[in-house]
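Peer 1: Below is one structure. I have some questions about it.
Just so it is clear, none of the values below were taken in a lab; they were calculated from the coordinates. As the structure is a prediction and not an experimental result, all values here were calculated from the model. Positions of Cβ are backbone-derived with ideal geometry, glycine not excepted, and every protein chain shown enters the neighbour counts.
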């Protein structure tokens, strides 16, 4: 639906909650090792105009061994335990600004979903789950083939990360390898 003041886009998103078959602390440590914190000093140089895009590309290649960096982390579980809630939960923004740029050039609104939001959390039975909205189901909602293609690429990168973390890859993320 559209008029002169707004555009409303209804779309379906697939959210995955994947059993890691690990303890919370073990999986969290492995995830954080595989998805390192972004180089904030390098980002400050960029914001201050002391770096080129080629420098950014090189730094992202070096700092994102599996395609992703952590932009933000919070320990939600610690806060919720103060209210008497059991279990552990950590929430992250995981992404790669050089990949996001390839969508941003077509529509800056993609930043609504980039970086990707992920959680590591315990369910009510104590199992440790990794949850993420499937990137292709988020980015295809823009209706721009170039953005949708990057969304499918992100599916493949998430599938690869799960393999690195020794977690079973959901079928439709595995199918992304065939696209």
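Peer 1: Gain in length, residue 172 to residue 131, computed as 0.36 nm per residue apart minus the alpha-carbon separation, to one decimal in nm?
Peer 2: Answer, rounded to one decimal: 13.3 nm.
Peer 1: When the Debye formula is applied to the Cα atoms of the chain, each taken as the same point scatterer, what base-10 log of I(q)/I(0) results at q = 0.12, 0.14 Å⁻¹?
Peer 2: -0.63, -0.83
Peer 1: Based only on other Cβ atoms within 10 Å, what is the fewest-to-most ordering of 55, 98, 128?
Peer 2: Sorted ascending by nearby Cβ count, the order is 55, 98, 128.
Peer 1: Under 19 Å from a label point 7 Å along Cα→Cβ of residue 25: give me every residue in region 72-86 with its amide N that close.
Peer 2: Answer for this model: 74-82, 86.
Peer 1: Another question, if that's okay. How high is the relative contact order of region 70-147, given as a whole-number percent (alpha carbon pairs under 8 Å, six or more residues apart)?
Peer 2: Answer for region 70-147 is 26 percent.
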